[in-house]
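Student: First the structure, which I've put down as structure tokens, then a few questions once you've had a look.
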Amino acid sequence: MSAEVTPFPIHAVRAAQVGFERDELQRILDLYGRLVAAGQCRDYAMDFGKDAAVFSAFRRAAERPMARIEKRPSLRGKQGMWALIGEAGQILKRGHELAGVLFPLERKLLKLVEN
């Protein structure tokens, strides 16, 4: 009795997907948590495509995102792969480093401390 073995396709054709690294996602979720604690956000969504990874923060679940953080590796050598996009779709900040792009949202959380 002879059995024929069909090899499993190792090199399956699959579209590459852009995602967040662990430390990038940790930084984004930390900021999101502080926005929730401040009452500015209530929901979030993540979208992973072949061109970009997007984190969207919402004031309420049924409206446009108040801010989107996009990672587009194809723009790494140009304007930078990170972008902060506002509610109306305007690009608020673009850069090569995530920390610099998140600064406008972090600035909203800063409060003056009275002596």
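Student: Run the quick spin-label model on residue 76 and residue 107: label points 7 Å from Cα toward the beta carbon, then report their separation in nm to one decimal.
Tutor: Each label point lies 7 Å from its Cα, and together they span 2.8 nm.
Student: Okay, moving on. If you average the sequence gap of Cα pairs under 8 Å that are 6 or more apart and divide by the length of the chain, what percent do you get for the contact order?
Tutor: Relative contact order, the chain: 16 percent.
Student: What is the gain in length, in nm to one decimal, between residue 43 and residue 23 on full extension, counting 0.36 nm per residue of separation less the C-alpha to C-alpha distance?
Tutor: 5.1 nm
Student: Determine by what factor the alpha-carbon radius of gyration of the chain differs from 2.2 N^0.38 Å, reporting the quotient.
Tutor: The value comes to 1.46.
A short reminder: the numbers here are calculations on the coordinates, not readings from a lab. This is a predicted model, so every value here is computed, not measured. Don't worry about glycine lacking a Cβ; one is built from the backbone with ideal geometry, like all the others, and counts go over all protein chains shown.
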